[in-house]
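The values are calculated or read from the model by the stated rules, or taken from the named source; none is laboratory data. The shown structure was predicted, so the numbers you read here are calculated from the model rather than taken from an experiment. Quick reminder, even Gly has a Cβ in these numbers, built from the backbone with ideal geometry, and neighbours come from all protein chains shown. In case anyone asks, the SASA skips ligands and DNA or RNA and just uses the protein heavy atoms, side chains included. Shrake-Rupley method; radii C 1.70, N 1.55, O 1.52, S 1.80 Å.
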Amino acid sequence: YRLNVIVMDETRCINIMLWNQEAKIILGKSANDIRDLMKDANENACLKAFEPIIDRNFLFKLSISHKNVTSIDQAYNAVKISDDVALI
């Protein structure tokens, strides 16, 4: 399972694809759990699921493909995530 998120810093916004393991790390829920919340159409529950990542800082290690370089709308794959302040 994957979760597409928009990440921004002071320079720009990019799309990052979080795979199930990465989604579990930062959200505390799997991508499957998030999908189930969205299917239930309970907007408050779905929004609440994303609260752990709003206004937080993360360091992403990304896998960059040829498509990322040649196309504007391609999502980058996150291969590692950290919220360790010393690393950031």
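Checking Ser82 against (1) surrounded by 12 or more Cβ atoms within 10 Å (Cβ to Cβ); (2) within 17 Å of Asn4 (Cα to Cα), only one condition comes out false. Which one?
So Ser82 meets the others, but not (2).
Looking only at residues in the stretch 44-79 that are within 14 Å of Val7 (Cα to Cα) and assigned to a loop (DSSP other than H, G, I, E, B), which one is most open to solvent (accessible area, probe 1.4 Å)?
So, considering only residues that are within 14 Å of Val7 (Cα to Cα) and assigned to a loop (DSSP other than H, G, I, E, B), the one most open to solvent (accessible area, probe 1.4 Å) is Asp55.
Could you tell me which of the residues Leu47, Leu3, Leu37, Leu62 is closer than 16 Å to Ile81 by Cβ and at pLDDT below 85?
None of the other options fit; the residue is Leu3.
Taking only the stretch 2-43 into account, find how many residues are assigned to a loop (DSSP other than H, G, I, E, B) and either under 17 Å from Ile64 (Cα atoms) or open to solvent by 90 Å² or more (accessible area, probe 1.4 Å) (or both).
4
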